[in-house]
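**Q** Handing you a structure now.
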Amino acid sequence: QVQLVESGGGLVQAGGSLRLSCAASGRTFGTYAMGWFRQVPGKEREIVATISWSGGTTYYSDSVKGRFAIFRNNVKNMVYLHMNSLKADDTAVYYCAAGHKSYWSVEQEPYWGQGTQVTVSS
């Protein structure tokens, strides 16, 4: 029902900035909250940021608060993650996710994108 494709990952120097994009397709994109998650080998997938369908409500994990920003453009069916002041600990595979309600909830398994690698190095 919902297909998600991430792009924008790659190699970036510490202290730099990067923008991840998530292209969503499906009839009900505008009704879903969206989120970004990340995962490193051997660890559980962790939340990065979420955004309600209207864009009015956002959540950020403590580790990225003040450095990352999540945006969405429902006209283009796109969700973005602006990452600033990147550091080595941000290195991970980043996944786009689509929920099932207007506000983010973990009551149902979200739809997942394929992931995009972000590597931060000096």
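The values are calculated or read from the model by the stated rules, or taken from the named source; none is laboratory data. Just so we're clear, the structure is a prediction, and the values are computed from it rather than from any experiment. Cβ placement follows ideal geometry from the backbone for every residue including glycine, while neighbour counts extend to all protein chains displayed. Surface areas here come from the heavy atoms of the whole protein model, side chains and all, with no ligands, DNA or RNA. Shrake-Rupley method; radii C 1.70, N 1.55, O 1.52, S 1.80 Å.
**Q** Write out, first by first residue and then by second, each pair whose Cβ atoms fall under 8 Å of each other, whose residues are 6+ apart or on separate chains, and whose first residue, in segment 55-67, is more than 12 Å from S85 (Cβ to Cβ) and touching a residue at least 24 places away in the same chain (Cβ under 8 Å) while the second is assigned to a loop (DSSP other than H, G, I, E, B) and open to solvent by less than 70 Å² (accessible area, probe 1.4 Å).
**A** Note: pairs meeting the criteria are Y59/W104.
**Q** Sticking with this structure for a sec: Hey, among A14, A33, which residue is open to solvent by less than 70 Å² (accessible area, probe 1.4 Å), over 15 Å from the mean Cα position of the chain (by Cα) and touching a residue at least 12 places away in the same chain (Cβ under 8 Å)? Talk me through it step by step, then tell me what you get.
**A** Numbers: A33 fails: over 15 Å from the mean Cα position of the chain (by Cα).
So the residue among A14, A33 that is open to solvent by less than 70 Å² (accessible area, probe 1.4 Å), over 15 Å from the mean Cα position of the chain (by Cα) and touching a residue at least 12 places away in the same chain (Cβ under 8 Å) is A14.
**Q** Right, next: For segment 36-50, give me each residue that is of a type in the set (A, V, I, L, M) and free of Cβ contacts under 8 Å to residues at least 40 places away in the same chain.
**A** Selection gives I47, A49.
**Q** Would you kindly identify the strands (runs of 3 or more DSSP E) lying entirely within segment 2-101 that contain at least 1 residues that are under 14 Å from Q117 (Cβ atoms) and at pLDDT 95 or above?
**A** Numbers: elements: 3-7, 10-13, 18-25, 34-39, 46-51, 58-60, 68-73, 78-83, 92-98.
In segment 2-101, 3-7, 10-13, 18-25, 34-39, 78-83, 92-98 are the strands (runs of 3 or more DSSP E) which contain 1 or more residues that are under 14 Å from Q117 (Cβ atoms) and at pLDDT 95 or above.
**Q** Here is a further query. Within segment 106-118, is there a residue that is out of contact with any strand residue (DSSP E or B) (no Cβ under 7 Å at 6 or more places or on another chain), open to solvent by 20 Å² or more (accessible area, probe 1.4 Å) and not in a loop (DSSP other than H, G, I, E, B)?
**A** Applying the first criterion (out of contact with any strand residue (DSSP E or B) (no Cβ under 7 Å at 6 or more places or on another chain)) to segment 106-118 yields 106-109.
Pick out the ones that are also open to solvent by 20 Å² or more (accessible area, probe 1.4 Å) and you get 106-109.
Within this subset, residues satisfying the condition of being not in a loop (DSSP other than H, G, I, E, B) are none.
The answer is no; no qualifying residue exists.
Listed here are the residues, each with its yes/no results for (1) more than 16 Å from W104 (Cβ to Cβ); (2) of a type in the set (S, T, Y); (3) touching a Ser or Thr at 6+ places or on another chain (Cβ under 7 Å); (4) open to solvent by less than 10 Å² (accessible area, probe 1.4 Å).
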position	(1), (2), (3), (4)
Q39	yes, no, no, no
A49	no, no, yes, yes
W53	no, no, yes, no
T57	no, yes, no, no
S63	yes, yes, no, no
N77	yes, no, yes, no
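**Q** Is it the case that Q1 is more than 18 Å from A98 (Cα to Cα), in contact (Cβ under 8 Å) with a residue 24 or more places away in the chain and either of a type in the set (F, W, Y) or open to solvent by 30 Å² or more (accessible area, probe 1.4 Å) (or both)?
**A** Details: more than 18 Å from A98 (Cα to Cα): no; in contact (Cβ under 8 Å) with a residue 24 or more places away in the chain: yes; either of a type in the set (F, W, Y) or open to solvent by 30 Å² or more (accessible area, probe 1.4 Å) (or both): yes.
No, not satisfied.
Okay, residues lined up against (1) in contact with a Gly (Cβ under 9 Å, 6 or more places away or on another chain); (2) polar (S, T, N, Q):
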{"position": "Q3", "(1), (2)": "yes, yes"}
{"position": "V12", "(1), (2)": "no, no"}
{"position": "G16", "(1), (2)": "no, no"}
{"position": "R19", "(1), (2)": "yes, no"}
{"position": "C22", "(1), (2)": "yes, no"}
{"position": "M34", "(1), (2)": "yes, no"}
{"position": "P41", "(1), (2)": "no, no"}
{"position": "R45", "(1), (2)": "no, no"}
